[in-house]
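J.: Here it is: the structure, laid out below.
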Amino acid sequence: MNALTPAAGISLPGAPHLAYANGRLTLEACDLSELTARFGSPLFVYSKASMLDALGAYQRGFQGRRARICYAVKANPSLAVLQVFAQAGCGFDIVSGGELARVLAAGAQPAHIIFSGVGKTRAEMTAALSAGIGCFNVESESELDVLSDCAKALGVRAPVSIRVNPNVDAKTHPYISTGLRDNKFGVAHERTVAAYRHAASLPDLHVVGIDCHIGSQITQSTPYLDAMDRVLDLVAEVEAQGITLEHIDFGGGLGINYQGDSPPAADALWAELLQRIDKRGHADKLLMIEPGRSLVGNAGVCITEVLYLKHGEHKNFCVVDAAMNDLPRPAMYEAFHQIVPLRLGQPTASAQTYDVVGPVCESGDWLGRERSLLVAPGDHLAVLSAGAYCMSMASNYNTRGKAAEVLVDGSSARLIRSRETAQDCFRLEQLL
């Protein structure tokens, strides 16, 4: 049960720049009730200051080092969010041709784009080569051959690193674990040196680095340290073959606080990792990382209206206007998000326990189970830690238009995505 009764003026755990002021929930200096009245619900609201604070921890961790922070676009691909990170000096980690188009539209420097993913098409490779991206993180030996063909057709050399699957358990949900032998990602640790030899033999490829990414929502340092040791072993083996590696990319995956989680701070984690890098003699190499969730997850909230309260013999339901198409994480991963009211109720009133559910016609359409809430129809709730893997995975299931998005910066709030209409959902379809 989530018996959460925050007091006025107390910041909420895991949600920087989010606090109650005079009983009203605010993000930075913006009253979320006022934003809801202005923009409607469901509504995603993001804090620019929270994003830049999270980025600052990585920047402090790399101070004085040759490093490039490439934001993982899949976490939240909204153009204005990408623009915030582009203006802050970030590169981008993309996994599709669509994400390539997005980051270029947001002002990314092509040379600071890395292209990951197990299923890049020839069309996507050609578009990325034509744009002049910095590196392809190649995930299979057969991909090397296809990329070489595409580069040859354009008369260019494709910069490549090979994504290593180090068979390290990230201690996270199996759906977001990517570094085990049974996962689809990367080249097996045992095949890596052979893959590098093959890449170096292809004249239309230019080997520039090595890459590793073991999963997402990682809350311990140990998996990173284990993966780093394995990657640094491979760096030595690859360079012993006469193949120079200019950069080492350690991926992303650092978790956030959803429910009392305590992941290491980014700067503290990298202090540990840098010690190992220096000890192994690689202080001169460019270091690259691909954080996503840790930059945006706790920067966002989803506001939803209470539609109905259903009281049953065994369970009560709080039916809201946000649903699994807006916030897929609970339905997909049984993920936990804190759910709090936009306005605090009277302290003498009694809360009740509800499952918070949406209007989609699926029993899996729930946002939170067994939550202690003091609510009535027409009230509004905030689903916290909703900045990552919510709008990026949102759908139009049940012909529900995607929610609006707002970015706050101090006391200003700007609409960065308009709410979709039913007509938007089917505008590309044709009647017979």
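The values are calculated or read from the model by the stated rules, or taken from the named source; none is laboratory data. Everything quoted here is computed from the prediction, not taken from an experiment. Cβ sites come from the backbone with ideal geometry, for glycine too, and all protein chains shown count toward neighbours.
J.: Looking only at the range 116-131, which residues are of a type outside the set (S, T, N, Q) and either closer than 20 Å to Gln83 by Cβ or part of a loop (DSSP other than H, G, I, E, B) (or both)?
T.: The first filter runs over the range 116-131 and keeps only residues of a type outside the set (S, T, N, Q), leaving 117-120, 122-125, 127-129, 131.
Those that are of a type outside the set (S, T, N, Q) and either closer than 20 Å to Gln83 by Cβ or part of a loop (DSSP other than H, G, I, E, B) (or both): Gly117, Val118, Gly119, Lys120, Ala131.
J.: Restrict the check to the range 78-91 and report whether at least one residue is outside the structural domain of His247 (by TED's automatic domain parsing), buried (at least 23 other Cβ atoms within 10 Å of the Cβ) and in contact with a Ser or Thr (Cβ under 7 Å, 6 or more places away or on another chain).
T.: Among the residues of the range 78-91, not one is outside the structural domain of His247 (by TED's automatic domain parsing), buried (at least 23 other Cβ atoms within 10 Å of the Cβ) and in contact with a Ser or Thr (Cβ under 7 Å, 6 or more places away or on another chain), which makes the answer no.
J.: Can you name the condition, by its number, that Thr5 falls short on among (1) over 26 Å from Ile416 (Cα atoms); (2) modelled with pLDDT of 95 or more; (3) β-branched (Val, Ile, Thr)?
T.: (2)
J.: Out of Pro42, Pro13, report the one residue that is modelled with pLDDT of 95 or more, assigned by TED's automatic domain parsing to the domain that holds Ala394, closer than 19 Å to Asn298 by Cβ and within 23 Å of the chain's Cα centre (by Cα).
T.: Values: Pro13 fails: modelled with pLDDT of 95 or more.
The match here is Pro42.
J.: On to the next question. Pull up the range 276-327, narrow it to residues that are over 27 Å from Phe136 (Cβ atoms) and among the β-branched types (Val, Ile, Thr), then point me to the one that is surrounded by the fewest Cβ atoms within 10 Å (Cβ to Cβ).
T.: Of everything passing the filter in the range 276-327, Val319 is surrounded by the fewest Cβ atoms within 10 Å (Cβ to Cβ).
J.: Search the range 307-332 for residues that are basic (Lys, Arg) and pair each with any residue that is buried (at least 24 other Cβ atoms within 10 Å of the Cβ) when their beta-carbon atoms are under 6 Å apart and the residues are at least 6 apart or on different chains.
T.: These pairs meet every condition: Arg329/Tyr389.
J.: List the strands (runs of 3 or more DSSP E) that sit entirely inside the range 23-105 and contain at least 3 residues that are in contact with a Phe, Trp or Tyr (Cβ under 9 Å, 6 or more places away or on another chain).
T.: Values: elements: 24-27, 43-47, 67-72, 91-94.
Those strands (runs of 3 or more DSSP E) span 67-72, 91-94.
J.: If a residue has to be in contact with a Phe, Trp or Tyr (Cβ under 8 Å, 6 or more places away or on another chain) and under 16 Å from Ala194 (Cβ atoms) to count, how many in the range 227-244 make the cut?
T.: 3
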